[in-house]
1. Starting from the Cα-Cα distance between Ile61 and Val122, subtract it from 0.36 nm times their residue separation and give me the gain in nm to one decimal.
2. Just to check I understand the Karplus step: with θ = phi - 60° and J = 6.51 cos²θ - 1.76 cosθ + 1.60, what whole-Hz values come out for region 34-43, glycine and proline as x?
3. Just how much of Tyr138 is accessible, in Å², when a 1.4 Å probe is used and the result is rounded to the nearest 10?
Amino acid sequence: MALRGPRPVLLLPLVLLAACLVLTSGQPWIEPNFMFLRKHVDYPKTNAPNANAYCNMMMQIRGIYGKPVNTFIHEPISKINSICKEGGTPKVGGLRESKVEFSITQCVFEPDPLSISYIGIVKKRKIIIGCWNLYPVYYLEQIEGPGLDLEGRQEPYCFL
């Protein structure tokens, strides 16, 4: 006679096997690192007519449209990962600052009565990230202020 109805007990060994395979695979802390990469890495840089169009397109594509500030890093992942090791210097709060400048595009949300869009700012600068198990999981946003001085004549403000 065949078994009838659901048998969750038969599924348990499969779930345990999958969990063991994931734990022994040696993968980094996948989810936080994946979220960091999705929000902040665009290498090679996606083509767009100008920095504002780039920001509007990328924020939409990455599903973070409406976020006040976001920075996209245009460097290889291996170079970004190196900040968590020898390519970065320790900062307060467990953060690390890159030893070299990175090509970035900073997208700043600009609500306007006629349109809602982003201002794109392309620059090279040292970046500050948070690491977990030697992989980046957090980006410290730094924008010029007050009043978003795009000329960079004032000290940067940090947004967490």
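The values are calculated or read from the model by the stated rules, or taken from the named source; none is laboratory data. Since we're looking at a predicted model, the values are computed, not measured. Accessible surface areas use protein heavy atoms only, side chains included; no ligands, DNA or RNA. Shrake-Rupley method; radii C 1.70, N 1.55, O 1.52, S 1.80 Å.
1. Values: separation 61, 0.36 × 61 = 21.96 nm, distance 1.88 nm.
Extending this stretch completely gives an extra 20.1 nm.
2. Result, ordered by residue: 4, 5, 4, 4, 5, 7, 10, 10, 9, 9 Hz.
3. In the full protein context, Tyr138 sits at about 80 Å².
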